[in-house]
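Everything on this sheet refers to the single structure shown next.
The values are calculated or read from the model by the stated rules, or taken from the named source; none is laboratory data. Fair warning: this is a prediction, and the values are worked out from it, not measured in the lab. A quick note on method: Cβ atoms are made from the backbone with ideal geometry, for glycine too, and the neighbour counts reach across all protein chains shown. These area figures cover heavy atoms from the full protein model, side chains too; ligands, DNA and RNA do not enter into them. Shrake-Rupley method; radii C 1.70, N 1.55, O 1.52, S 1.80 Å.
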Amino acid sequence: MQKYAVNQQLIETLLAWVNSGEIAIPEIQRPFVWDSSKVRDLMDSLYQGYPIGYVIAWKNPNVRLKDGSLSDGKKILIDGQQRVTALTAAILGQYVVNKTYQRVKIKIAFHPIDEKFEVQNPAILKDKTWLPDISLAINGDLFEIADNYFDLNPEVDKKQVRNAFSNLMNIPKKQIGIIELAAELDIETVTEIFIRINSKGVVLSQADFAMSKIASNTEYNGNELRKAIDYFCHLAIAPEFYKHIVDNDKEFSQTEFFQKMQWLKTENEDLYDPDYNDLIRVAFTTQFNRGRLSDLVSLLSGRNFETRTYEDAIAEQSFTTLKIGVNNFINETNFKRFLMIIKSAGFISPKLIRSQNAINFAYIVYLKLKELGVNSVAIESYVRRWLVFSILTGRYSGSPESAFDFDIKQISQKPFDEYLKEKEEGELSDAFWNASLPQSLDTSVASSPYFHVFLASQVKANDRGFLSKDVLVSDLISLRGDIHHLFPKDYLKKNGLDRREYNQIANYVYMQSEINIKVGNKPPKVYFELIKNQMSNGNQQMSGLTSEQQLLENLKMNCVPIEIQHMSINDYNDFLNLRRKLMATKIKEYYHSYSTHEH
């Protein structure tokens, strides 16, 4: 099967298609990111008759309408968006949306005597030998433009200037190559083709295709939905962007979607900042009970999976369903309740959440159970447990799509507690807690998900920092406190240990910097000796703790083995093994504190 057709089209034909919506520019790569000098160079290449490469379009399938007739699929531009946008800006004088989401015009000036192009600037506007904006010329009348120019510049060589103008006005008649990919191709193939042609290393995600399908649909307000997704994600990170939408996108600011995301303008919470990939994934999985975004792309095109044809009714239904999903996602109550649950599990800072997919699926669980009418107390317990379960087992780290697909199908078919119980019995057995988890804690990767769960368990338990009387681990985490070494790094280095050995996460603890400075590079048995001497003299220079009892409690909450008080370099490996077991036990108790059923 021929996967594509290659055609040469006149630039004016391509631009006419863009204007009529025959080609949809889906803003896949989002705003226009070229700087103006690149637009100038593109115009110069066209003027000189150089090729400007190919653009790639993917045809939408033909769709059967309700009256039985077939409607011809539009083309979606999947590569070449920046070039086509540059052409609409320079030749048609249209606005572009730039990196900071502002609508701007890019004006390119032309010097007919030197036959060169420049980005318009104040000096050019003062210099009458320049034509300040080529879009006015290209769309104007050659004689009129030439006459005006000769009035201002009577001494020029008229023949030469007329020639230059005539070449300039012929730019729309130059050709551009269009590679049109067949409608029958699946996303995987289109992605593969894109990657092979696009040497710039831009990778298209499934979410990009979903965004382009959404944006290119005019019948069901696809563009409004695309903006809702895009703007929500932007506002979540930059609340000040709110005013920008109100000022620059009057139309969108009148929509119901915009009403529903207004709450973000005063929101500074950065625990979960979803991007459009996350938002689409959650909205789709929750509403369609499927996990593969390529299915969403097919459904938005109207695919009937049984008959393998495309029907408008299915496209319409899919847009309606997706819209519900997006609305549920951006709903203030849902979003805030969900974050509250995550925080109550001890995950109080984005530093503690390394797996975006684990938190995405936790939100899916929240929205799904809410839709199924499960009571809110149970939902809280389930969401916390699922989040921690999926982080501990690395459930969504390999191929998240198939895991999402599998899990959502199970959740929509059987009671959630049954499914959770099944997973816990299979994957969180005694062997997991006693052998596999301590082994997983044998790592020097500070961003280890197991270490993050351990810290969340400390936050949840209101534990205090190592050797601190009052300062909580949660304060140290949220106020940019530091992680320090129980066996000082310098001491281990001097004894010939390398980075992988001294930076073991079992040697890490949250400790106030001022205490850490006093510990210095002394081995544990020396600094514990000091602490005890100070205590018996009623002097608390090194630590705020005043009694042996307080010291033992502090060691216990930080999972530091009491044997550490007599340890030096030869005991380091024993210490690590002891501490890993204590940490694993603490994580286990933390996990089971959320269980509603006994094991």
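Selection of strands (runs of 3 or more DSSP E) fully inside region 4-85 by the criterion of at least 3 residues being touching a Lys or Arg at 6+ places or on another chain (Cβ under 7 Å) and either free of Cβ contacts under 8 Å to residues at least 12 places away in the same chain or crowded, with 16+ Cβ neighbours inside 10 Å (or both) returns 54-59. Screening the candidates 159, 128 for the property of being basic (Lys, Arg), outside any helix (DSSP H, G or I) and open to solvent by 40 Å² or more (accessible area, probe 1.4 Å) yields one hit, 128. Of the residues contained in region 167-179, one or more are found to be open to solvent by less than 40 Å² (accessible area, probe 1.4 Å) and within 31 Å of the chain's Cα centre (by Cα). Taking the conditions exactly as written (β-branched (Val, Ile, Thr) and touching a strand residue (DSSP E or B) at 6+ places or on another chain (Cβ under 7 Å)), does residue 18 satisfy them or not? So residue 18 fails the test. Determine, yes or no, whether residue 113 is over 42 Å from the mean Cα position of the chain (by Cα) and either under 19 Å from residue 46 (Cα atoms) or in a loop (DSSP other than H, G, I, E, B) (or both). So residue 113 passes the test.
Scanning region 371-380 for residues that are surrounded by 18 or more Cβ atoms within 10 Å (Cβ to Cβ) and either of a type in the set (Gly, Ala, Ser) or out of contact with any Lys or Arg (no Cβ under 8 Å at 6 or more places or on another chain) (or both) turns up just one, 380. If you filter region 401-422 down to residues that are open to solvent by 30 Å² or more (accessible area, probe 1.4 Å) and either in contact with an Asp or Glu (Cβ under 7 Å, 6 or more places away or on another chain) or touching a residue at least 24 places away in the same chain (Cβ under 8 Å) (or both), you find that the one that is nearest to residue 588 (Cα to Cα) is 421.
Exactly one residue among 284, 389 is more than 30 Å from residue 70 (Cβ to Cβ), of a type outside the set (S, T, N, Q) and open to solvent by less than 10 Å² (accessible area, probe 1.4 Å), and that residue is 389.
For region 64-73, the condition holds for no residue, the condition being that it is under 29 Å from the mean Cα position of the chain (by Cα) and at pLDDT below 90. Within region 501-527, residues that are farther than 27 Å from residue 456 by Cβ and part of a helix (DSSP H, G or I) have Cβ atoms under 9 Å from residues that are β-branched (Val, Ile, Thr) and open to solvent by less than 60 Å² (accessible area, probe 1.4 Å) in these pairs: 525/564; 527/519, counting only partners at least 6 apart in sequence or on another chain.
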